[in-house]
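Q: Supplied in structure tokens, the structure appears directly below.
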Number of protein chains: 2
Amino acid sequence: MAVYTEVSDEDVRAFVAQYDLGDVVSCKGIAEGVENSNFLLVTDKGPYILTLYEKRVDPADLPFFLGLMDHLAANGLTCPQPVAGTDGVALRSLCGRPAVIVTFLKGMWPRRILADHCAGLGEGLARLHLAGDGFTLTRRNSLSVGGWRPLFEASRWRADEVKPGLADALAEELDYLEAQWPQDLPAGIIHADLFPDNVFFADGKLSGLIDFYFACNDLFAYDVAICLNAWCFEADGAFNVTKARLLLANYDRIRPLSAAEREALPILARGSAIRFLLTRLYDWLNTPPGAMVKRKDPLEYLHKLRFHQQIRHIADYGLDRS
Amino acid sequence: MAVYTEVSDEDVRAFVAQYDLGDVVSCKGIAEGVENSNFLLVTDKGPYILTLYEKRVDPADLPFFLGLMDHLAANGLTCPQPVAGTDGVALRSLCGRPAVIVTFLKGMWPRRILADHCAGLGEGLARLHLAGDGFTLTRRNSLSVGGWRPLFEASRWRADEVKPGLADALAEELDYLEAQWPQDLPAGIIHADLFPDNVFFADGKLSGLIDFYFACNDLFAYDVAICLNAWCFEADGAFNVTKARLLLANYDRIRPLSAAEREALPILARGSAIRFLLTRLYDWLNTPPGAMVKRKDPLEYLHKLRFHQQIRHIADYGLDRS
């Protein structure tokens with residue numbers, strides 16, 4: 001639940017006066033997103049989203065994120081687009097924070113994942129990967145294989161508080177991943193955080209993707225592996241192969257996975273599992289219980305990691321070798 | 001910050017299908033309100049507010065609250081109006097909770113109170129008191145003088161944890177208020193919780209009142225006293241007599257206060273101070289520090305109580321005797 005910055009009515013009005021958006025009708029904090037303060041801004045021209053970037057976003061990355069949204073939209077992907085002021089500038093500041101108004105997207109994110117959602121997701125993810133082609137800015141993925149070791153070291157001494165033996169299990173897995181991580185797979189712009197709350201559906205069809213604040217240059221198939229973890233496990237921990245099959249088949253239809261990408265899925269899924277396990281573990285150990293943030297359970301991702309460690313054939317993901 | 005209930009996209013769509021509002025475009029939880037779950041619902045017909053009533057609202061009171069909003073709107077007050085479904089029914093249920101869709105109000109509540117806001121408030125409060133005339137349902141004010149003693153007894157044994165001597169000070173004040181509380185002043189429908197976050201302004205003018213979930217039958221001047229406390233003290237604790245004068249003069253212009261109401265303002269303001277002091281004290285002592293709710297400081301209202309205890313002449317509120 002977000003909204004970290006309280007914005008006054010005068011501040012909003014003065015801010016919106018810099019745009020060709022008419023008068024402010026209303027501006028309400030939204031209880032969504034965990035990294036930034038988000039407001040649903042209604043002006044004479046309709047609804048928009050006003051975002052204030054809080055401290056977890058590096059301002060130096062903002063030109064990449066905003067440029068990417070423009071680039072993706074220009075290439076046919078439905079995603080929020082930064083709105084420029086009358087001076088042509090989209091990135092401004094409000095209440096001492098970088099701030100931007102983006103277009104409003106139709107739809108809601110699915111609270112209960114159905115198989116059909118995974119089909120739409122697969123197609124949307126592949127279209128995102130294609131739409132990123134030609135974007136000239138780049139951003140390194142600080143949360144890929146090279147970033148896990150320092151994250152682990154920051155939590156290692158307390159990891160066993162969460163589960164006895166966790167530190168050793170993570171150390172062993174990291175050794176494996178660092179040695180075996182694939183290097184030569186197709187790469188480009190990936191979303192890197194495409195959880196259900198970042199994917200909108202309307203009338204059962206995917207209506208847009210949001211929240212590009214982890215987007216970066218990395219392996220396309222790693223993004224697919226992130227989605228397998230985020231969308232294809234049930235609340236009881238069971239892997240739903242029907243969902244995985246629909247996700248992969250619909251991805252494949254738009255951007256066919258190469259044989260090498262398919263064979264790499266188990267290790268990429270292990271990597272994706274440890275990436276979210278490590279950030280959740282860090283937040284778990286470093287978020288005071290009294291903070292107004294809901295902590296996410298790191299062990300959910302230990303369970304997913306264990307699942308992928310057992311995978312011997314990609315048929316277990318619903319994929320044929322091809 | 002609210003939104004206690006997570007509502008799925010399917011649930012929202014099925015719910016809205018019972019209305020003549022077209023399709024759901026979007027539905028986002030709002031980070032406002034502390035008693036209920038509120039969502040900004042956008043349909044083909046425009047924006048609405050969807051409210052789910054959580055456990056602090058007694059469902060038996062809902063016909064009073066919803067009927068009151070209809071009555072006030074029919075009498076020219078700008079406030080949210082319950083929207084009826086195609087079956088003519090406004091109060092339904094969603095996710096196991098009573099739920100209602102109300103109309104969307106233009107404007108924002110003022111984060112920084114200016115003197116002009118208090119002028120608009122005074123007029124709006126008087127118009128509310130007049131507009132309530134003729135409403136046939138009634139609701140006792142459980143948080144007026146008769147309700148304070150049990151609330152105090154629930155916190156008495158721990159009050160001194162918040163401030164040494166607080167229990168004795170409250171007991172003494174309650175004895176005074178119970179003995180001296182005025183009985184024969186003009187009464188009718190009051191809002192009883194008209195804090196700045198319940199009053200919207202657009203372009204500097206009051207654009208509407210919201211959140212009638214404490215509304216009840218009680219003394220009109222008690223509602224005025226609640227506003228004096230909620231709007232006319234600065235963050236440093238100073239009483240701003242300019243704001244009070246504007247509030248009272250603009251109230252008086254629409255509904256003149258009688259001599260008896262004017263003379264009663266100091267005791268009504270003491271009563272209003274102890275009412276919010278007692279509920280905040282109770283919440284302070286009974287909200288675990290880890291809860292995702294921001295606790296309000298009870299001592300802010302002890303300070304206000306002390307101020308009103310010193311009042312000897314209503315001129316101190318910016319009022320002439322008349």
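Q: Provide Rg and Dmax in Å for the stretch B:9-103, with only Cα atoms included in the calculation.
A: For the stretch B:9-103, the Cα radius of gyration and maximum Cα-Cα distance read 12.8, 37 Å.
Q: So how strong a dipole does the stretch B:172-251 carry about its Cα centre when Lys and Arg Cβ are +1 and Asp and Glu Cβ are -1, to the nearest 20 debye?
A: With only Lys, Arg, Asp and Glu charged at Cβ, the dipole is about 520 debye.
Q: Quick one: P(r) of chain A from all Cα-Cα pairs, 20 Å bins, percents rounded to integers, in order of increasing distance.
A: Taking all Cα pairs of chain A, the binned fractions are 31, 57, 12, 0 percent.
Q: Other chains near A:103-114: what is the mean number of their Cβ atoms within 10 Å of each residue's Cβ?
A: Mean partner-chain Cβ count within 10 Å for A:103-114: 4.
Q: For peptide B:19-31, compute the average count of partner chain beta-carbon atoms within 10 Å of each residue's beta-carbon.
A: Mean shielding count: 5.
Q: Right, here's the next one. List the trypsin sites (Lys or Arg not before Pro) within the stretch A:1-71 that DSSP assigns to loop and that have no more than 12 neighbouring Cβ atoms inside 10 Å.
A: Taking the stretch A:1-71 and a limit of 12 other Cβ atoms within 10 Å, the loop trypsin sites (Lys or Arg not before Pro) found are A:Lys55, A:Arg56.
Q: Compute the Kirkwood hydrodynamic radius of the stretch B:131-187, taking the inverse of the mean of 1/r over all pairs of distinct Cα atoms, and give it in Å to one decimal.
A: Computed over Cα pairs of the stretch B:131-187, the Kirkwood hydrodynamic radius comes out at 13.6 Å.
Q: Would you mind ranking A:His191, A:His71, A:His308 so that the residue whose beta carbon has the fewest other beta carbons within 10 Å leads the list?
A: A:His71, A:His308, A:His191
Q: May I ask for the angle, rounded to the nearest 10°, between helix A:145-162 and the longest principal axis of chain A, with both axes built from Cα atoms and the value confined to 0 to 90°?
A: 80 degrees
Q: Counting only pairs 8 or more places apart or on different chains, how many lysine pairs in the stretch A:115-317 have C-alpha atoms closer than 27 Å?
A: Total qualifying Lys-Lys pairs in the stretch A:115-317 comes to 8.
Q: Okay, moving on. How much length is gained on full extension from B:Asp175 to B:Ile311, taking 0.36 nm per residue of separation minus their Cα-Cα distance?
A: So the extension gain works out to 47.1 nm.
Q: I need the semi-axes of the equivalent ellipsoid of the protein assembly as shown: take the C-alpha gyration tensor, multiply each eigenvalue by 5, square-root it, list largest first in whole angstrom.
A: Semi-axis lengths for the protein assembly as shown are 52, 27, 23 Å.
Q: For the stretch A:30-186, with the dipole built from +1 on Lys and Arg beta-carbon atoms and -1 on Asp and Glu ones, taken about the Cα centre, which of A:Leu77, A:Phe104, A:Gly46 lies farthest toward the positive end?
A: It is A:Gly46, whose Cα lies furthest towards the positive end.
Q: Relative to the longest principal Cα axis of chain A, at what angle does helix A:166-180 sit, 0 to 90 degrees, rounded to 10?
A: Helix A:166-180 sits roughly 90 degrees off the main axis of chain A.
Q: May I ask you to report, in nm to one decimal and beginning with the shortest, the distances from A:Asp316 to the same position in the other copies, taking label points 7 Å along Cα-to-Cβ?
A: Computed spacing set for this position: 7.7 nm.
Q: Work out the length of the dipole vector of the protein assembly as shown about its Cα centre, built from +1 on the beta-carbon of each Lys and Arg and -1 on the beta-carbon of each Asp and Glu, and round it to the nearest 20 debye.
A: Approximately 140 debye in magnitude.
Q: Ok, one more. The stretch A:181-198 to the stretch A:3-45: how many Å between their Cα centroids?
A: Using only Cα atoms to place each centre, the spacing works out to 31 Å.
Q: To continue, here is another question. Let me make sure I get this right: for the stretch A:166-299, a, b and c are the square roots of the gyration tensor eigenvalues over alpha carbons, sorted descending. Under 1.5 in a/c it's rounded, otherwise prolate if a/b > b/c, else oblate. Which is it?
A: oblate
Q: Name the trypsin sites (Lys or Arg not before Pro) in the stretch B:192-296 that are in a loop by DSSP and that have at most 11 other C-beta atoms within 10 Å, would you?
A: B:Lys294
Q: Could you tell me which of A:Trp181, B:Pro59, B:Leu285 has its Cα farthest along the dipole of the protein assembly as shown towards the positive end, charges placed at Cβ (Lys, Arg +1; Asp, Glu -1), taken about the Cα centre?
A: The one lying farthest along the dipole's positive direction is B:Leu285.
Q: Farthest toward the dipole's positive end in the protein assembly as shown, which of A:Leu21, B:Cys118, B:Ala159, given Cβ charges of +1 (Lys, Arg) and -1 (Asp, Glu) about the Cα centre?
A: B:Ala159
Q: How big is the stretch B:243-318 in terms of Cα radius of gyration and Dmax, in angstroms?
A: 15.8, 48
Q: Tell me which GluC sites (Glu not before Pro) from the stretch B:203-281 have a DSSP coil assignment and no more than 14 other beta carbons within 10 Å of their own.
A: Sites meeting the loop and neighbour criteria: B:Glu234.
Q: Determine the shape class of the stretch A:95-226: with a ≥ b ≥ c the square roots of the Cα gyration tensor eigenvalues, call it rounded for a/c under 1.5, and otherwise prolate if a/b is greater than b/c, oblate otherwise.
A: Prolate is the answer for the stretch A:95-226, as a/c is 1.5 or above and a/b outweighs b/c.
Q: Right, here's the next one. Given +1 on the Cβ of Lys and Arg, -1 on the Cβ of Asp and Glu, and no further charges, what dipole in debye does chain A carry about its Cα centre, rounded to the nearest 20?
A: For chain A, the charge dipole is close to 460 debye.
Q: In nm to one decimal, list the spacings between the A:Asp23 label point and its equivalents in the other copies, with label points set 7 Å along Cα to Cβ, shortest first.
A: Nearest to farthest, the other copies are at 3.2 nm.
Q: Sticking with this one: What are the lysines whose alpha-carbon lies under 16 Å from the alpha-carbon of A:Lys45, with same-chain residues fewer than 8 places away excluded?
A: A:Lys106, B:Lys45, B:Lys106
Q: While we're here: Report, for B:Glu153, each distance to the same residue's label point in the other copies, shortest first and in nm; define the point 7 Å along Cα→Cβ.
A: 6.3
Values quoted throughout were computed directly from the atomic coordinates according to the rules given, and no laboratory measurement underlies them. Everything numeric here is computed off the predicted structure, so don't read it as measured data. Neighbour counts run over all protein chains shown; Cβ positions are idealised from the backbone, glycine included.
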